[in-house]
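Taken together, the values in this text are just the output of simple stated rules run on the coordinates, not laboratory data. Keep in mind that this is a model prediction, so the values were computed, not measured. When we count neighbours, we look across all protein chains shown, and the Cβ atoms used for this are built from the backbone with ideal geometry, even at glycine.
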Ligand code: GLU
């Protein structure tokens, strides 16, 4: 694909061997944000040459997670498994130019060499037996890269600074196996080269692959791209984020009721900063993201901080949009709820008390469920025998009300206070238990108004009956 020389082209190349994890999502985000920030291009590539571990299901899960996050790609998805002819062409190029050679050393001999090297405490390294034999293709032969024997390969990493790798330490590594299949580092280079990638932002677990890849670029006659190796995401115990730290996949966070913009905000901040600003919209991130401010130390995953950010993003989201997002969470819990004005009013009352959509759906059960379950402590505290009377009086007043708005409801409660001589709390608390089953809820007039007349009367009747029976 022809590019302007100065157009930034980044990529995300996941291996489809499982879900999209937080670390991978952060890598994808950095590449996507940098492309969007610079007006460049973002390429998606699926690295599925490991056929034993790659699955179509993982590919779909990764696509879904990226789409949910709002990460769109300009080019691809490419699949390495469909590019074998291209790799073959480039292997031929390296063979033709003398930068690669056939090797027929038996695996038994290589294994002995490897064991001897280990026993000596050295790195296993190919001894170069076939390097200058000029062998041609033969049954069982592999293709090795002719790596330089002297000098150094210097990685000038945007994040890590300069790292020099002694070429003498490197191996004549295999680029095509005896069955002709190309190896990992080689595929990555051919892909990045042919896809016009000029900026590679990836986890620093790939640093050790980089000198090999840089040498391959040069052997093919190109300059290596810009590299930015980003420190890993660690758990609070400073170990690499793993299952025992809890949920790791983007899909799990979606199911727990996090907003994509909150997860994005959190993940980006986990390895990049802009002064001491914590809260960012996606637009702001696109505007401000730069490679220079990627952090040098590992990001420590802090679930509490993510929750707090999620709450902030929920508060900033337009209520109708949030209500719409809440519907599947309510349905999942077996509640019939549709987007619309009532749901939006309910959402407004729940917002200050919940940090995720899942929590919100749970906290809002009483609005949408058919029958209310009374909490034991609420019954003990507020369902005293003398609570039945004010409930009965209130029920009559509410039945006669035309409008069920908060002002009319307040007036009705005032009348009950006047007739019974009870303070608002003494009336409102048993009403709250009758309507929500709990000791705490959003403001009582809002709750009554949102639940609506029909259900409120039913619930008051049920409470009165309950009080009479107990
Ligand atoms: N497929 C590799 C991974 O999932 C990424 C390779 C790269 O970024 O060069 O870790």
Q: For the chain, go through all pairs of different Cα atoms, get the mean of 1/r, take its inverse, and jot down that Kirkwood value in Å.
A: 26.9 Å
Q: For residue 55 and residue 113, compute 0.36 nm times the residue count separating them, minus their Cα-Cα distance, and round to one decimal in nm.
A: 17.3 nm
**Q.** Pairwise label distance in nanometres, residue 64 with residue 135, each label 7 Å out on the Cα-Cβ vector
**A.** 4.7 nm
Q. Under 20 Å from the 7 Å Cα→Cβ point of residue 336, by amide nitrogen: which residues of the stretch 450-470?
A. 450-460, 462
Q) Given only helices, namely DSSP H runs of n ≥ 4 each adding -39500 (n - 2.57), what is the per-residue ellipticity at 222 nm of the chain, to the nearest 500 deg cm²/dmol? A) -14500 deg cm²/dmol
**Q.** Extension gain (nm, one decimal) between residue 296 and residue 104, 0.36 nm per residue minus Cα-Cα
**A.** 64.8 nm
Q: Compute the distance in nm between two label points, each set 7 Å from the Cα along the Cα-to-Cβ direction, one at residue 276 and one at residue 220.
A: 4.7 nm
Q) Relative to the present Cα-Cα distance, how much length would full extension add between residue 96 and residue 406 at 0.36 nm per residue of separation? A) 103.3 nm
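Considering only DSSP beta bridges with both partners in the chain, what is the antiparallel share in %, to the nearest 5?
Approximately 50 percent, going by the DSSP bridge assignments.
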Q. Which order do peptides 342-352, 380-390 fall in by mean Cβ count within 10 Å, highest first?
A. 342-352, 380-390
Q) What is the chain's relative contact order, in percent, from Cα pairs under 8 angstrom and six or more apart in sequence? A) 12 percent
**Q.** Separation of the residue 415 and residue 380 label points, Cα + 7 Å toward Cβ, nm
**A.** 3.7 nm
Q: Using only Cα atoms, tell me the angle between helix 260-269 and the longest principal axis of the chain; keep it within 0 to 90° and round to the nearest 10.
A: 50 degrees
